[in-house]
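Below is one structure; the comments refer to it alone.
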Amino acid sequence: MSVFNQSRKSVIQLVFGGIFVVIILQLANLQVFSSKYKVMADDQGKFRKVVYPDRGIVYDRKKKAILQNQTIYDLMVVPNKVRGVDTASLCRILGIDTAVFNKRIVELIIKNGRARPSTFDALLSDEKMAMLNEGMYKFVPGFYLQERPVRSYPIDAGGNILGYLSEVDTNFLKAHKGEGYQIGDYAGKTGLERTYEKVLMGQRGIEYWKRDNKNRLTERFENGQYDTAAIAGDNMHLSLDIALQEFGETLMQNKVGAVVAIDPRTGGVLAMISSPTFKPKYLTGADRKKHYAELLLNPALPLLNRTVNAKYAPGSTFKTLQGLIGLHEGVITPSTPFSCSGAFYGCGKPMRCLDPGVWSLKGAITHSCNTYFANVMQRVINNPKYPNLDSSLNQWARYMHAFGLGHRLGIDVPTERSGSIPNAATYDKIYGDGHWNFCTFRSVSIGQGEVETTPLQVANEMAYLANKGWFITPHMVDSIEGGDKFGLMDKFKEKHQPLEISDSVFEAVHDGMQGVMDGGTGRFAQVPGIVVCGKTGTVENAYGGVKQKDHAFFAAFAPRDNPQIAIAVICENAGFGSTSAAPIASLMIEKYLRDSIAGPERKAKVEQIANLNLIPPRIYKELRRMDSIRHVKDSIYQASKGYIKIVKDSMGLDADDEADAMDKVKNRKDAKKETPVKDSTPVKPKTKIEAVLPDNKVKPEATDTTKIPEV
Amino acid sequence: MNQRNSSIGKGVDWVMVWLYAILVMVGLLCIFSVEYRSTDSVINSFLGFKKNYSKQFFFFVFCIVLATFILLIDSKLFTATANFSYLTGIVLILLTFVIGKEIKGSKSWIPLGFMNLQPVELCKIFTSLALSKFLSMPETNFTKPKSQLIAAAISFLPAVLSIAQGETGLALVYFSFLIPMYREGLPPGYLITGAAMAVLLVISLLFSTKTLLIAFLVVAVLFIFFNRRQVKRSNSLLAMVVIIWAFCSVFVGVLVPFTFKHVFKPYQADRIFSMVGVDNPFADKNAIDLSNPEELKEKKKKTDQQNYNVKQSKIAIGSGGVLGKGFLKGTQTQGDFVPEQHTDFIFTSVGENFGFWGSTLLMLLYLSIIFRIITLAERQRSTFSRVYAYCVAAILFFHVAVNICVTVGLAPVIGITLPLLSYGGSSLITFTILIFILIRLDADRQMVLR
């Protein structure tokens, strides 16, 4: 019987075999020819976890940590394990009620799912943390504490220098392609955190994890075979003296201005105070956004680093350099006398002078004689050695550039401005080709007019004088542990000695500056037992077309025969240079050289200066106006959010910084520029000197965020 | 073993035994790879009876005992008790209507305490035996329609009962009995008609009734038009075309809607439609509108779940590539991405861990065991053994083909296991019995059994 239909065996086998072949073909299609499934599998089954190394620690010159890492804790929750947890006591510790608790859990489930850990409460305060830690057994396994490293500032000073971290934005990512940054990473936003980002960041590690269907990380992929370890960032040592910085911030409180102190021997910055300033820890941690908005809207602009990002006419401090140029050009000798009968008459209309008499260089510096320096510059400009005014003025400008003015010095604190030194082109542009002569810009000779310097440049100028002819580019960072791998500090090793000027010339200038302290305009800056060379400056300025109280300037170095500190102090709208700026410089010098302030009299002085309130009244006016706006517009928070957006949009980390962004915001509000007015020169219509302060506090407009101008 | 118990080992086809053992071992490894996490201690969990691989291991041990026992039985017992066991099987299936436990939507399980028994699964054995018994009876003349009808009744009764329980996947397996019947002389016309009917059924599910009626009419008219000369010459051809057309139209236009509206319960109809991946068009529209949206959502969720299963299954298999990721290194397997991976989707772990070469090797293993069974079948002297062997081959083939087609996305999701690999005592025991009865029968291949 079995013979019957035996051929059907082959048919059956054929059918079986055929179907198997079809299946194998489909397998080949899936496994061999199609790559999309591998990609999909990697996407869902593998997780590339970036391991962040510890950021480098920053120390001051006395090895005191001023920027370090701190671990704080987040309370994490896994919603599907919450059942059975002692919710009541958890709520008590966190200070919330059960309804809020439930709401938050529901929100987290919507956001992250039930099985994945989410942050229930971020950045726990110390006391909450302590209480939670104690009762943690009641909350497991639904809740646990997770470490989170943040930057901490052990000493509440130097907010403008150290900078802070913030989440990278798209512009930053665009600019730093291929450096391994991802959305959600933090990078240095301002200050040293930004300049030395590469050094401090260290090298990120990557861990590959397996991920399960609930998006939980389960275990290392291939036991970590493909992982790369994270390498901690390098520590940095600053030349900054944090005690001096703190002291300076105390002295500068309730004032608007800046102090820069440099060690002339190394170019290392000892203190760099911009006032008003902010506590550095304001811009780290949970309340960052709130504080940022407040700071941004403050009319005194605490976020502006005035030491490098504000430009002031240097005033009389400029005269020392004028003297140097005159001597170097050979148009005067230290003993060349000029007489001043109360004004400079060289240009028809007299330029007032406070100290009538006959002065040589020393006396002219000591008494800050305008006439003398007007004459000196006139000789320089009209020097028959040069074929025309263009070339002589340009030569003069080259000298000034060589002294570190008119260009960025290249300090490692971001947002430095160049300042400006006028040259022939400047005046050609303002007055038309050749339609100018020395008399047109004679006020430049005494440091007013088109000359603009940053406080840093003035301090550097003092260092140059102190060193008798050379300076090293000012810098914050002294050394990097493990070496300077990125060549960031190369330019800080170079000694700039632009001109061959004999020591005797400097001695003459030093004599004059010492005279300032002994009996001239700088008597208030005397430091008992230390020979200080200094120069006061009183800078006339106007705000919104209205002449304001003068800026007080004081620049000095000390001690004379072995200079260890060069300092520039500016107090905006503080009046005569000798009453506010000079004592601050004097106390700073004493603090640095002696490590403390000696004697009850000097201590009282500290107290007196610290309590002195020199904030211009218009800032209070602004604040009051803002308060009233706050009443009108119900939500200032909305407004600040809008402005943060404007600032962020226009800021791009590599363009300039907050200050620039603020300028942009300001421009939009057609801010009236601050124009320097001088005693005898009419306000020049075409000269535009960028404002140091915005006249109009930007008006918070909650609904205006869409109308951001193309900046 | 074969030396000591030569009386058991005598005549046993060791190739089959080895193929069986290898497949079960592969299955154990696969289940292990699905469940194992690097933190587990292997030996403890293997003996702990807590993990699935541990359970499967004990099932395997039990199966070895069972297999030995089967090899000790006299072959004549199988022929003698074939009808009785078939009856028992039917009774057991009927029993599930009373004391059945619902697992995964089908009330086809009898809880035994230590495991759940699925009578439909076991009934495959009994049906195979009964079919073999019937076809091997001397008074059966398989060329007669009556015998063919009886054989079909024997084969499909459990399937019908199974569908009534909501277990459609297993019911489909009973179609595989057509293969032994074909081998025994069932005219291929039946199979072709059957296949045509199946196609008709599927398209009647896929397309709307109206479309199909028009399509059939068009096809019939065109056929007559193009063959008008032949049609003129023979009336019988015309009659045939008309009959086929009429049948198809009635089938699609009346039979299918009637069955789905009045014979099946809505959920059964839904299930059948979901098998071909369309929504049930015969569902009472008003009922849907009135029924709460929860139910619709539930239904949607189920389709989504099935799509998700297939997608994940394809990702797991596809990501294995040519060489695979290596044993215990599959990220998809370890991450629990494939649902039901230890049972119906066990093939994905082979695909992911061992890649194309591993999957192909497994396919070849299955093909060898099936072809081996066919070889055994053809060397039997008794019809009983031969039919039985073909039953086993067909069942195995059907399971393997459908299961793997589902995992690679060639077939809609039908819940049937991969023989010997999938986790599950019921399935493993069934196939062990099926195969070892065959081995036992083959050992007595010189005997003529009736």
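The values are calculated or read from the model by the stated rules, or taken from the named source; none is laboratory data. Note that the coordinates shown come from a computational prediction; the quantities given were computed from them, not determined experimentally. All Cβ positions, even for glycine, are placed from backbone atoms using ideal geometry, and neighbour counts span all protein chains on display.
Within segment A:1-12, restricting attention to residues that are surrounded by 13 or more Cβ atoms within 10 Å (Cβ to Cβ) and either out of contact with any helix residue (DSSP H, G or I) (no Cβ under 9 Å at 6 or more places or on another chain) or of a type in the set (Val, Ile, Thr) (or both), which residue is farthest from the other protein chains (Cβ to nearest Cβ)?
First pass over segment A:1-12, keeping only residues surrounded by 13 or more Cβ atoms within 10 Å (Cβ to Cβ): A:2, A:5, A:8-9, A:11-12.
Okay, now just the ones that are also either out of contact with any helix residue (DSSP H, G or I) (no Cβ under 9 Å at 6 or more places or on another chain) or of a type in the set (Val, Ile, Thr) (or both), so A:11-12.
Values: A:VAL11: 8, A:ILE12: 6 Å.
Residue satisfying both the conditions and the ranking: A:VAL11.
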Legend entry - The lone exception for A:GLY248 - which of (1) outside any helix (DSSP H, G or I); (2) crowded, with 16+ Cβ neighbours inside 10 Å it fails: (1)
Inset, instruction - Please enumerate the residues belonging to segment B:182-196 that are assigned to a helix (DSSP H, G or I) and touching a residue at least 12 places away in the same chain (Cβ under 8 Å). - result: B:ARG183, B:TYR190, B:LEU191, B:GLY194
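Residues are listed down the side, and each one gets a yes or a no for (1) in the same structural domain as B:SER359 (by TED's automatic domain parsing); (2) over 21 Å from B:LEU170 (Cα atoms); (3) modelled with pLDDT of 90 or more:
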position	(1), (2), (3)
B:GLY409	yes, no, no
B:PRO412	yes, no, no
B:GLY415	yes, no, no
B:PRO419	yes, no, yes
B:SER422	yes, no, yes
B:ILE429	yes, no, yes
B:ILE435	yes, no, yes
B:ILE439	yes, yes, yes
B:ARG450	no, yes, no
Inset, instruction - State the number of residues belonging to segment B:373-391 that are within 11 Å of chain A (Cβ to nearest Cβ), hydroxyl-bearing (Ser, Thr, Tyr) and assigned to a helix (DSSP H, G or I). - result: 4
Inset, instruction - Take the residues in segment A:298-342 that are within 18 Å of A:HIS551 (Cβ to Cβ) and of a type in the set (Phe, Trp, Tyr), then tell me which one is surrounded by the fewest Cβ atoms within 10 Å (Cβ to Cβ). - result: A:PHE318
Legend entry - Matching entry among A:VAL15, A:VAL39 (being under 30 Å from B:ILE179 (Cα atoms), free of Cβ contacts under 8 Å to residues at least 40 places away in the same chain and within 14 Å of another protein chain (Cβ to nearest Cβ)): A:VAL15
Legend entry - Unique residue being more than 24 Å from the chain's Cα centre (by Cα) and farther than 26 Å from B:GLY358 by Cβ when the list is B:SER33, B:SER106, B:SER54, B:SER75: B:SER75
Inset, instruction - Would you mind telling me which numbered condition in (1) surrounded by fewer than 24 Cβ atoms within 10 Å (Cβ to Cβ); (2) more than 12 Å from chain A (Cβ to nearest Cβ); (3) small (Gly, Ala, Ser) B:SER368 fails? - result: (2)
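Each row is one residue, and each column tells you yes or no for (1) surrounded by fewer than 21 Cβ atoms within 10 Å (Cβ to Cβ); (2) free of Cβ contacts under 8 Å to residues at least 40 places away in the same chain; (3) among the β-branched types (Val, Ile, Thr).
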{"site": "A:GLY487", "(1), (2), (3)": "yes, yes, no"}
{"site": "A:LYS493", "(1), (2), (3)": "yes, yes, no"}
{"site": "A:SER502", "(1), (2), (3)": "yes, yes, no"}
{"site": "A:HIS510", "(1), (2), (3)": "no, no, no"}
{"site": "A:GLY522", "(1), (2), (3)": "no, no, no"}
{"site": "A:VAL527", "(1), (2), (3)": "no, no, yes"}
{"site": "A:LYS535", "(1), (2), (3)": "no, no, no"}
{"site": "A:ALA542", "(1), (2), (3)": "yes, no, no"}
{"site": "A:VAL546", "(1), (2), (3)": "yes, yes, yes"}
Legend entry - Test for B:LEU92: is it part of a helix (DSSP H, G or I), at pLDDT 85 or above, touching a Pro at 6+ places or on another chain (Cβ under 6 Å) and surrounded by 12 or more Cβ atoms within 10 Å (Cβ to Cβ): yes
Inset, instruction - Could you check, for segment A:452-460, whether at least one of its residues is under 23 Å from A:MET351 (Cα atoms), surrounded by 15 or more Cβ atoms within 10 Å (Cβ to Cβ) and touching a residue at least 60 places away in the same chain (Cβ under 8 Å)? - result: yes
Inset, instruction - Return a yes/no flag: does segment A:360-370 have any residue that is over 37 Å from the mean Cα position of the chain (by Cα), crowded, with 19+ Cβ neighbours inside 10 Å, part of a helix (DSSP H, G or I) and among the polar types (S, T, N, Q). - result: no
Legend entry - Filter pass, B:ILE179 being within 14 Å of chain A (Cβ to nearest Cβ), assigned to a helix (DSSP H, G or I) and touching a residue at least 60 places away in the same chain (Cβ under 8 Å): yes
Inset, instruction - Please work out if B:ALA394 is crowded, with 24+ Cβ neighbours inside 10 Å, within 10 Å of chain A (Cβ to nearest Cβ) and touching a residue at least 40 places away in the same chain (Cβ under 8 Å). - result: yes
